[in-house]
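Here the structure is laid out as structure tokens; the discussion comes afterwards.
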Amino acid sequence: MDFPADLVAAQRDLTQTRDQYVQLCAGLPWSAEPHPGWDDTATGGTRRDPSDGYTPEDAAELQRLHERLRELAAIVTTHAFWSTLDGPDRIKARPPSNTPDHIDHVDAGQVSTTTVLPSSSCTSKRMVAMPLP
């Protein structure tokens with residue numbers, strides 16, 4: 001299937017921005033704000049070391065990437081190209097379901113119709129899928 005160049009570029013940007021976001025999150029403390037941590041292991045609970053929280057620079061970069069992800073996700077999922085496809089063709093245009101996080105490798109010539117966005121906080125490391133209607 002031939003995808004419009006601007007859709008492919010937006011998908012590529014989305015994937016790269018998501019990778020940057022995930023990489024930033026992996027290096028951040030577990031708590032966005034300073035926190036003394038806890039140790040409830042004596043009662044079968046959990047333990048967390050103290051956290052200094054995010055630096056202002058990290059928080060600003062996290063916010064910038066998160067906003068860019070939302071912007072790119074909207075571009076990809078609402079692109080006019082999708083309205084040119086009817087039911088079965090729209091399904092065929094989707095990437096294989098075994099593609100990591102349902103984000104396709106644009107170099108293979110496919111564009112995702114399910115956009116995976118991080119939740120608003122790195123601390124949850126949770127992703128939210130936004131499928132096309």
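The values are calculated or read from the model by the stated rules, or taken from the named source; none is laboratory data. Keep in mind the model is a prediction, meaning the values are calculated, not measured. All Cβ positions, glycine included, derive from the backbone under ideal geometry; neighbour counts span all protein chains shown. SASA here: full protein model, heavy atoms, side chains in, ligands and nucleic acids out. Shrake-Rupley method; radii C 1.70, N 1.55, O 1.52, S 1.80 Å.
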Check your understanding: Do you know which of the residues in segment 25-82 that are polar (S, T, N, Q), in a loop (DSSP other than H, G, I, E, B) and open to solvent by 80 Å² or more (accessible area, probe 1.4 Å) is farthest from Q11 (Cα to Cα)?
Key -> T46
Exercise for review: Report yes if L7 is open to solvent by less than 60 Å² (accessible area, probe 1.4 Å) and modelled with pLDDT of 95 or more, otherwise no.
Suggested key: no
Point to revise | Only one of D2, D19 that is open to solvent by 90 Å² or more (accessible area, probe 1.4 Å) and under 24 Å from V76 (Cβ atoms) | key: D2
Study note, to complete from the structure: Over segment 3-24, the set of residues in contact (Cβ under 8 Å) with a residue 60 or more places away in the chain and part of a helix (DSSP H, G or I) is D6, L7, V8, A10, Q11, R12, L14, T15, R18, Y21, V22, L24
